[in-house]
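Novice: A single structure is presented below for examination.
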Amino acid sequence: MNQPLIEFDRLSVEIHTKAGIVRAAQDVSFSISAGQTVALVGESGCGKSISALSLMGLLPSAARVASGEIRYQGAPLTGQPRETLRRLRGNDLAMIFQEPMSALNPVLTIGEQIVEPLIKHQRLRPKAAWVKAVALLDKVGLARPDKIAESYPHELSGGMLQRAMIAMSMSCQPKLLIADEPTTALDVTISAQILDLLQTLQKSEQMALLLITHDLGVVAQMADFVVVMYAGRVVESGPVRAIFKHPQHPYTQGLLAARPVPGARLARLPSIRGQVPNPMNLPEYCSFAERCDQAQAQCRQGQPEYVSLGAMHQSACFVVQKREFA
Amino acid sequence: MLAADITGRKFTAMRAFVLRRVLAAIPLLLGASLLIFLVFAFTPGDFIDGNINLTAQRAAELKALYGLDQPWWLRYLHWLEKLLHGDLGFSMQYQIPVTELLGQYVFNSFLLASVSMVLYWGIALLTGVLAAVQPYSLFDRLLTLAVFAAMSFPVFFLCLLLIKWAAVDLGWLPVGGMLATGSDTRGWAYVHEVAIHMVLPVITLVMLQAGGLTRYFRASMFEALAMDFVRTARAKGLKERTVIFKHALRNALLPMIALAGFELPALFSGAIITEKLFNWPGVGHVHIDTLAARDYPVLMAFTLFLAALTILGNLMADIVYACVDPRIRLR
Ligand SMILES: Nc1ncnc2c1ncn2[C@@H]1O[C@H](COP(=O)(O)OP(=O)(O)O)[C@@H](O)[C@H]1O
Ligand code: SF4
Ligand SMILES: [Mg+2]
């Protein structure tokens, strides 16, 4: 097989806080191929954003990569000089965020903010960059793009701002776009339009998309590959059909069962009892054990290994392991 | 064409906004003048009562001369009318017009305050922003320590310490005053002499003011750097310099505008303790003297002057704010 665009290779991230060390990501491994849509799912606080930010080199200052690495087209990204990553950001790798209202600078116009990467990375002259910015705003479906370019963020709605963010992130035709819960702050209809737009652009630009979401309905509709995280670890990953048809890990099964209405958020899971463990002191065994209804004695004696379940599908769970090798 | 159109509309809106704010300042100013007048008019005792050498008859004559026997509202209107003609009143103690009395002293105070202000705003901006960019670094910790040390120093002690070290022990700088006694230098020699005399009081004022302001700048910049849009700016691959100065600093400076507006009256009010200890001929001196002598015309004029500056400072801050923050509605 040809080389993946992005490889997470046993990435672990620690965050040093006053209260202690948060192990926000542990041994996270998965890869993204060119043009592929990968969905990263899991409850709040399970390390999705931290994983994405380490890929962008935008970890908060208290966080550091403790071990493992991320590779971009085969070359390591982690541990590289800041300048190397800066050149990739906004150019090859782009990212949009959860809150479009706060993600844009309130004192600069939309246009002024979109031309920045064009001038920085593509060395366009300000005039040409402005023309391109207006074209980009048009492309993401904003009416009167010339007027939008001259507006300030507070003059636009959340949906329009997220479109503007998308225009900005697309400006240098990135190879990968990370969308970190891009519609959580928007209402349902707007949210559907934004996801449609992302899907259309992902196809037309042939870029890879790392979509972080709570919404399994969206995952089913958009993703090629699914990575399920729990308490900083990847507990199951596989092609979207395999995950939805044959979920193996009890947590994945719980997530799918707790999906009453398509489009509903997964902030709380009615069918998975208990809460996410405190990331400050995670157990040395399967961290889902306290909530798992299939847990056995063995589950509290160590970390389950990954079990391969056929084409690209794997899961880390003792029960799955037993079933497979029985 | 569209751009020109928008700029034009913005300009018209801004002009109307400024006009409205200026008009709104007028009743405020009138209110301040009335309040100031009433406070002084109804304070028991005045310059004439305070003089025990006067016979009752002479005192009554003097009161009639100064119009102090008239009802208060008539006196207020009279005062207001004179103010409108640029006549701030007549000092009873010095027997010269208030403008003449205060002019030179206010200028001296302004000289001292303006130089200190430029310095401590500059220092606070630089150090506060640097500390926020590297929070909890060695620099930040040392700065925090220095700020608290400077802020907890009593003013007069600091002044005396500086005078003892730099002026008495080392003899590098003059002990006080604005010029050496009996000096009649002219031109650049004069400027140089005044500058030398300013060094110690300026150091004092900078040390007193820079600390608190540094904390403001640090807090404001720290907050701005934690904003989501700063992360977006980094995600675009902008240089860290651009992220800090173009994106974070611009937002961090917004709350400082109001603070700068409040500095306007402080430029002219005189730093009483510092001026006294360094024997700087500023308005702080005169203020205390006239207070002791109950020279009300001077006190009233000076208080009104500071009130007007406070209103003006606020007005200017509002206008600057409206110019630089697009979120401010121009209505
Ligand atoms: N700046 C930070 N300081 C301290 N802890 C953090 C910080 N950012 C994230 N964390 C912690 O790291 C863990 C993972 O967070 P995150 O990746 O944001 O989760 P999510 O899956 O919801 O995106 C959480 O436990 C969170 O509390
Ligand atoms: S390892 Fe055990 S506790 Fe963990 S998910 Fe599997 S069955 Fe549940
Ligand atoms: Mg998140």
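Every residue, every condition in (1) within 14 Å of chain B (Cβ to nearest Cβ); (2) more than 16 Å from ligand 1 (Cβ to nearest atom); (3) modelled with pLDDT of 90 or more; (4) closer than 16 Å to A:Q26 by Cβ, yes or no:
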site: A:M280; (1), (2), (3), (4): no, no, no, yes
site: A:C286; (1), (2), (3), (4): no, yes, yes, yes
site: A:A289; (1), (2), (3), (4): no, yes, yes, yes
site: A:Q294; (1), (2), (3), (4): no, yes, yes, no
site: A:Y306; (1), (2), (3), (4): no, yes, yes, yes
site: A:G310; (1), (2), (3), (4): no, yes, no, no
site: A:K322; (1), (2), (3), (4): no, yes, no, no
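Novice: Just one of B:A210, B:A252, B:A219 is within 12 Å of chain A (Cβ to nearest Cβ) and not basic (K, R); which is it? Break it down stepwise before answering.
Specialist: Working: B:A210 fails: within 12 Å of chain A (Cβ to nearest Cβ); B:A219 fails: within 12 Å of chain A (Cβ to nearest Cβ).
Result of the check over B:A210, B:A252, B:A219: B:A252.
Novice: Further, regarding this structure: Which one of the conditions (1) under 21 Å from the mean Cα position of the chain (by Cα); (2) of a type outside the set (K, R); (3) surrounded by fewer than 23 Cβ atoms within 10 Å (Cβ to Cβ) does A:P145 fail to meet, given that it meets all the rest?
Specialist: For A:P145, the exception is condition (1).
Novice: So which residues in the stretch A:232-241 are under 15 Å from the mean Cα position of the chain (by Cα) and open to solvent by 10 Å² or more (accessible area, probe 1.4 Å), if there are any at all?
Specialist: A:R233
Novice: OK, next. Only one of (1) within 12 Å of chain B (Cβ to nearest Cβ); (2) within 25 Å of A:A52 (Cα to Cα) fails for A:I148. Which number is that?
Specialist: Among (1) within 12 Å of chain B (Cβ to nearest Cβ); (2) within 25 Å of A:A52 (Cα to Cα), A:I148 violates only (2).
Novice: Spot the failing condition for B:K246; the list is (1) touching a residue at least 40 places away in the same chain (Cβ under 8 Å); (2) crowded, with 17+ Cβ neighbours inside 10 Å; (3) of a type outside the set (D, E), and only one is missed.
Specialist: So B:K246 meets the others, but not (1).
Novice: To continue, here is another question. Regarding the stretch A:148-159, can at least one residue be identified that is touching a strand residue (DSSP E or B) at 6+ places or on another chain (Cβ under 9 Å) and open to solvent by 40 Å² or more (accessible area, probe 1.4 Å)?
Specialist: To start, the set of residues in the stretch A:148-159 that are touching a strand residue (DSSP E or B) at 6+ places or on another chain (Cβ under 9 Å) comprises none.
No, that holds for no residue.
Novice: While we're on this one: With the structure loaded, tell me whether A:Q173 is open to solvent by 10 Å² or more (accessible area, probe 1.4 Å) and in a loop (DSSP other than H, G, I, E, B) or whether it fails that test.
Specialist: In short, yes.
Novice: Tell me whether the stretch B:285-297 contains one or more residues that are touching a strand residue (DSSP E or B) at 6+ places or on another chain (Cβ under 9 Å), buried (at least 20 other Cβ atoms within 10 Å of the Cβ) and assigned to a helix (DSSP H, G or I). Walk me through it before giving the result.
Specialist: Narrowing the stretch B:285-297 to residues touching a strand residue (DSSP E or B) at 6+ places or on another chain (Cβ under 9 Å): B:297.
Subsequent filtering for residues that are buried (at least 20 other Cβ atoms within 10 Å of the Cβ) retains B:297.
Narrowing further to those that are assigned to a helix (DSSP H, G or I): B:297.
Yes, because at least one residue in the stretch B:285-297 is touching a strand residue (DSSP E or B) at 6+ places or on another chain (Cβ under 9 Å), buried (at least 20 other Cβ atoms within 10 Å of the Cβ) and assigned to a helix (DSSP H, G or I).
Novice: Just to be sure, is A:M165 open to solvent by less than 10 Å² (accessible area, probe 1.4 Å) and away from ligand 1 (no atom under 16 Å from the Cβ)? So that I can check it myself, show each step before the final result.
Specialist: On the way: open to solvent by less than 10 Å² (accessible area, probe 1.4 Å): yes; away from ligand 1 (no atom under 16 Å from the Cβ): yes.
For A:M165, the condition - open to solvent by less than 10 Å² (accessible area, probe 1.4 Å) and away from ligand 1 (no atom under 16 Å from the Cβ) - is met.
Novice: Hey, among B:A113, B:A64, which residue is farther than 30 Å from B:F217 by Cα and either open to solvent by 50 Å² or more (accessible area, probe 1.4 Å) or not β-branched (V, I, T) (or both)? Break it down stepwise before answering.
Specialist: Values: B:A113 fails: farther than 30 Å from B:F217 by Cα.
So the residue among B:A113, B:A64 that is farther than 30 Å from B:F217 by Cα and either open to solvent by 50 Å² or more (accessible area, probe 1.4 Å) or not β-branched (V, I, T) (or both) is B:A64.
Novice: Within the set of pairs 6 or more residues apart or between chains, which connect a residue that is away from every other protein chain (no Cβ under 14 Å) inside the stretch A:33-50 to a residue that is within 9 Å of ligand 3 (Cβ to nearest atom) and hydrophobic (A, V, I, L, M, F, W, C) with Cβ atoms less than 7 Å apart?
Specialist: Listed pairs, sorted by first residue: A:L40/A:I212; A:K48/A:I212.
Novice: Turning to a different aspect of this structure: Hey, can you tell me all the residues within the stretch B:310-330 that are crowded, with 17+ Cβ neighbours inside 10 Å and within 13 Å of the chain's Cα centre (by Cα)?
Specialist: B:T310, B:I311, B:G313, B:N314
Novice: Considering each residue of the stretch B:103-159, count those that are in a helix (DSSP H, G or I), farther than 18 Å from B:A195 by Cβ and of a type in the set (F, W, Y), and give that number.
Specialist: Selection size over the stretch B:103-159: 6.
Novice: So the check is Cβ under 7 Å with 6+ separation or different chains; which pairs have a first residue in the stretch B:188-211 that's open to solvent by less than 50 Å² (accessible area, probe 1.4 Å) and a second one that's of a type in the set (F, W, Y)?
Specialist: The qualifying pairs are B:L200/B:F278; B:P201/B:F278; B:P201/B:W280; B:V206/B:Y120; B:A210/B:Y120.
Novice: Please go through the stretch A:9-32 and pick out each residue that is closer than 20 Å to A:A231 by Cβ, within 14 Å of another protein chain (Cβ to nearest Cβ) and not hydroxyl-bearing (S, T, Y).
Specialist: A:H16
Novice: Sort out which residues of the stretch B:20-33 are open to solvent by less than 60 Å² (accessible area, probe 1.4 Å) and within 23 Å of B:R75 (Cα to Cα), and write them in order of number.
Specialist: Within the stretch B:20-33, B:G31, B:A32, B:S33 meet the criteria.
Novice: Separate question: If you scan the stretch A:296-318, which residues turn out to be within 8 Å of ligand 2 (Cβ to nearest atom), touching a residue at least 24 places away in the same chain (Cβ under 8 Å) and open to solvent by 20 Å² or more (accessible area, probe 1.4 Å)?
Specialist: A:F318
Novice: Which of the residues that make up the stretch A:49-84 are more than 15 Å from ligand 1 (Cβ to nearest atom) and more than 18 Å from the chain's Cα centre (by Cα)?
Specialist: A:S67, A:G68, A:Q73, A:G74, A:A75, A:P76, A:G79, A:Q80, A:P81, A:R82, A:E83, A:T84
Novice: For A:L77, are the conditions met, namely being aliphatic (A, V, I, L, M) and within 11 Å of chain B (Cβ to nearest Cβ)? Write out each step before concluding.
Specialist: Numbers: aliphatic (A, V, I, L, M): yes; within 11 Å of chain B (Cβ to nearest Cβ): no.
Considered against the rule, which asks whether it is aliphatic (A, V, I, L, M) and within 11 Å of chain B (Cβ to nearest Cβ), A:L77 comes out as no.
Novice: State all residues of the stretch A:102-123 that are touching a helix residue (DSSP H, G or I) at 6+ places or on another chain (Cβ under 6 Å), among the aliphatic types (A, V, I, L, M) and more than 7 Å from chain B (Cβ to nearest Cβ); if no residue qualifies, say none. Spell out how you get there, then give the answer.
Specialist: First pass over the stretch A:102-123, keeping only residues touching a helix residue (DSSP H, G or I) at 6+ places or on another chain (Cβ under 6 Å): A:102-107, A:110-111, A:114-115, A:118-119.
With among the aliphatic types (A, V, I, L, M) added as a condition, the list becomes A:103-104, A:107, A:110, A:114-115, A:118-119.
The answer is A:I110, A:I114, A:V115, A:L118, A:I119.
Novice: Among the residues of the stretch A:198-215 satisfying the criterion of being within 16 Å of ligand 3 (Cβ to nearest atom) and farther than 19 Å from A:P4 by Cβ, which is modelled with the lowest pLDDT?
Specialist: The qualifying residue modelled with the lowest pLDDT is A:H214.
The values are calculated or read from the model by the stated rules, or taken from the named source; none is laboratory data. What you are looking at is a predicted structure, and each value in this text was computed from that prediction instead of being measured. Counting neighbours? That spans all protein chains shown, and the Cβs are built from the backbone with ideal geometry, glycine included. Calculation scope for accessible area: heavy atoms of the full protein, side chains included, ligands and nucleic acids excluded. Shrake-Rupley method; radii C 1.70, N 1.55, O 1.52, S 1.80 Å.
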